[in-house]
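Asker: The structure is given below, and queries will be raised subsequently.
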Amino acid sequence: MWNSPKVGILGGGQLGRMLVESANRLNIQANVLDAENSPAKQISFHDGHVTGSFKEREAVRQLAKSCDVMTAEIEHVDTYALEEVASEVRVEPSWQAIRTIQNKFNQKEHLRKYGIPMADHRELVENTPEELARVGEQLGYPMMLKSKTMAYDGRGNFRVNSKADIPEALEALKDRPLYAEKWAYFKMELAVMVIKTKDEVLSYPTVETVQEDSICKLVYAPARNVPEAINREAQALARKAVSAFEGKGAFGVEMFLLEDNSLMLCELASRIHNSGHYTIEGCALSQFDSHIRAIMDLPIPAKSLEIRQPSIMLNIIGGATPDSHLKAAESALSIPNASIHLYSKGAAKPGRKMGHITVTAATMHEAETMIQPLIDVVDDMRA
Ligand code: ATP
Ligand code: MG
Ligand code: MG
């Protein structure tokens, strides 16, 4: 058995909180670096937490002193701080992986060398209307203008439908480093959680994700009406993409399934991921359990990553008022097989992820029937 190891986590949001839940069950102390009373700290009482930001050099140094292995719940961390502390503490995944992945353009340039299929894209260097118009001629319309950095929940994306949209697009993403992507005409979005261990690259089954306003709304596990060959192909592509990076732990891989059934990478994340929340109820080992085991070099039986029952995850996103998300959670209390996860982030803002619900059932159809009333509540809340 292991000897009272301590894990340091950069970031104490909902992903950090669910990671702490998994660490707790193995008697592993998780020291969280984030603001006082962040969601992860609220469920973990000890004196090892660090107050500050994962973007502050000094705070990262302080966390490094208190743990055996360091990891991150978010990719937007100070990787120069991680590079510095990597000589004294293990950093998983590697700071190099996080640095490359946190810049979506660099991530794609790196993955291109490994033959990973993705939408054609162009870097912008001047961010002028003339430059973007030239790119538009090359990629065609619509195209997606994207911030290279600090992107999440679609905040950093702007759909450019025609040349006329260019001024508005550049204004919406002004002062950010940009690149543009050719439009991907997908029939479905798929995702795979990959777990990189010291000597293996494992994957969970392929799931279907549904985004609304570029924010993940629903996850169907396994993906509905997707032939087994595509399920396997998507997992293989995800493992291949993750193999291009150094380090251990969970990686979330987002993909597009195109009309001709070919797959394209959308992006990947060097961390536990929203598309993998269903694993808490749906699999023997959740993505959070697997992440902790991977970074601690503990065994992960591949069988434990299989889906035990079809699962649907619904995100509870902040609505019109600071407490409208609670209405969704309240309705979920009466739904059979619904597991409720609230993140304790305080008052909601529109578009902010406040919690999620997972329903599992013997068949996908049954799960769909059970969760439908809740989807209706969420849709009403939004309207
Ligand atoms: P995340 O919260 O997943 O990190 P993000 O802000 O990094 O999101 P992306 O994942 O790049 O943004 O894009 C968000 C969504 O926008 C995708 O899931 C997809 O629905 C849509 N999208 C992104 N790129 C394209 C594209 N090239 N063509 C069509 N749709 C796209
Ligand atoms: Mg992203
Ligand atoms: Mg994404």
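Asker: Here are the criteria: (1) more than 16 Å from ligand 1 (Cβ to nearest atom); (2) touching a Pro at 6+ places or on another chain (Cβ under 9 Å). Tell me which single one Glu208 does not satisfy.
Answerer: So the condition that Glu208 fails would be (1).
Asker: Output the residue which, of all residues in segment 245-272 that are among the acidic types (Asp, Glu) and in a strand (DSSP E or B), is nearest to Thr100 (Cα to Cα).
Answerer: Glu267
Asker: Please determine whether any residue of segment 223-232 is crowded, with 21+ Cβ neighbours inside 10 Å, out of contact with any Cys (no Cβ under 7 Å at 6 or more places or on another chain) and in contact (Cβ under 8 Å) with a residue 60 or more places away in the chain.
Answerer: Within segment 223-232, none of the residues are crowded, with 21+ Cβ neighbours inside 10 Å, out of contact with any Cys (no Cβ under 7 Å at 6 or more places or on another chain) and in contact (Cβ under 8 Å) with a residue 60 or more places away in the chain.
Here is a yes/no grid of residues against (1) more than 16 Å from ligand 2 (Cβ to nearest atom); (2) at pLDDT 95 or above; (3) touching a strand residue (DSSP E or B) at 6+ places or on another chain (Cβ under 6 Å):
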site	(1), (2), (3)
Asp213	no, no, no
Val219	no, yes, yes
Arg239	yes, yes, yes
Val242	no, yes, yes
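Asker: Could you list all residues from segment 229-264 that are over 26 Å from Glu92 (Cα atoms) and basic (Lys, Arg)? Give the steps one after another, and end with the answer.
Answerer: Pass one, segment 229-264, residues over 26 Å from Glu92 (Cα atoms): 229-233, 256-264.
The answer is Arg232, and nothing else.
Asker: Going through Ala30, Ala35 one at a time, which residue ends up being among the small types (Gly, Ala, Ser) and surrounded by 15 or more Cβ atoms within 10 Å (Cβ to Cβ)?
Answerer: Ala30
Asker: Okay, moving on. Among the residues in segment 183-191, are any among the charged types (D, E, K, R) and without any contact (Cβ under 8 Å) to a residue 60 or more places away in the chain?
Answerer: no
Asker: Okay, next question. So which of Glu212, Glu171, Glu137, Glu123 is surrounded by 13 or more Cβ atoms within 10 Å (Cβ to Cβ), over 28 Å from Cys283 (Cβ atoms) and out of contact with any Leu (no Cβ under 7 Å at 6 or more places or on another chain)?
Answerer: Glu123
Asker: Moving on. Inside segment 250-293, can you point out the residues that are among the aliphatic types (A, V, I, L, M), away from ligand 1 (no atom under 11 Å from the Cβ) and surrounded by fewer than 24 Cβ atoms within 10 Å (Cβ to Cβ)?
Answerer: Leu257, Leu263, Ile280, Ala284, Leu285
Asker: Sort out which residues of segment 26-76 are out of contact with any Gly (no Cβ under 9 Å at 6 or more places or on another chain) and among the β-branched types (Val, Ile, Thr), and write them in order of number.
Answerer: Ile28, Ile43, Thr51
Asker: Taking segment 167-204 as the region of interest, how many residues are assigned to a loop (DSSP other than H, G, I, E, B), farther than 30 Å from Val69 by Cα and of a type outside the set (A, V, I, L, M, F, W, C)?
Answerer: Residues that pass the stated criteria total 5.
Asker: Just to verify a result, which residue in segment 153-166, among those that are assigned to a strand (DSSP E or B) and within 15 Å of ligand 3 (Cβ to nearest atom), is surrounded by the fewest Cβ atoms within 10 Å (Cβ to Cβ)?
Answerer: Initial filter on segment 153-166 (assigned to a strand (DSSP E or B)): 155, 157-160.
Retained after the next criterion (residues that are within 15 Å of ligand 3 (Cβ to nearest atom)): 155, 157-159.
Details: Arg155: 12, Asn157: 17, Phe158: 21, Arg159: 14.
Among those that are assigned to a strand (DSSP E or B) and within 15 Å of ligand 3 (Cβ to nearest atom), it is Arg155.
Asker: Something else about it: Would you confirm, using the coordinates I've provided, whether Gly16 is modelled with pLDDT of 95 or more and in contact with a helix residue (DSSP H, G or I) (Cβ under 6 Å, 6 or more places away or on another chain)?
Answerer: On the way: modelled with pLDDT of 95 or more: yes; in contact with a helix residue (DSSP H, G or I) (Cβ under 6 Å, 6 or more places away or on another chain): yes.
So Gly16 fits the description; yes.
Asker: Now, a different point. Kindly list the number of the only condition in (1) within 14 Å of ligand 3 (Cβ to nearest atom); (2) at pLDDT below 95 that fails for Ala191.
Answerer: Unmet for Ala191, out of (1) within 14 Å of ligand 3 (Cβ to nearest atom); (2) at pLDDT below 95: (2).
Asker: Given the residues Ser339, Ser275, which is the only one that is of a type in the set (Ser, Thr, Tyr) and within 16 Å of ligand 2 (Cβ to nearest atom)?
Answerer: Ser275
Asker: Restricting attention to segment 125-148, does a residue exist that is in a loop (DSSP other than H, G, I, E, B) and within 16 Å of ligand 2 (Cβ to nearest atom)?
Answerer: Checked segment 125-148: at least one residue is in a loop (DSSP other than H, G, I, E, B) and within 16 Å of ligand 2 (Cβ to nearest atom).
Asker: Which of the residues spanning segment 214-242 are within 16 Å of ligand 3 (Cβ to nearest atom), within 16 Å of the chain's Cα centre (by Cα) and closer than 30 Å to Leu374 by Cα?
Answerer: Hits for segment 214-242 are Ser214, Ile215, Cys216, Lys217, Leu218, Val219.
Asker: May I pose another question? Is one or more of the residues making up segment 292-304 within 16 Å of ligand 3 (Cβ to nearest atom) and either over 28 Å from Ala361 (Cβ atoms) or free of Cβ contacts under 8 Å to residues at least 24 places away in the same chain (or both)?
Answerer: No, because not a single residue in segment 292-304 is within 16 Å of ligand 3 (Cβ to nearest atom) and either over 28 Å from Ala361 (Cβ atoms) or free of Cβ contacts under 8 Å to residues at least 24 places away in the same chain (or both).
The values are calculated or read from the model by the stated rules, or taken from the named source; none is laboratory data. Bear in mind the structure is a predicted one, so any value in this text is a computation, not a measurement. All Cβ positions, even for glycine, are placed from backbone atoms using ideal geometry, and neighbour counts span all protein chains on display.
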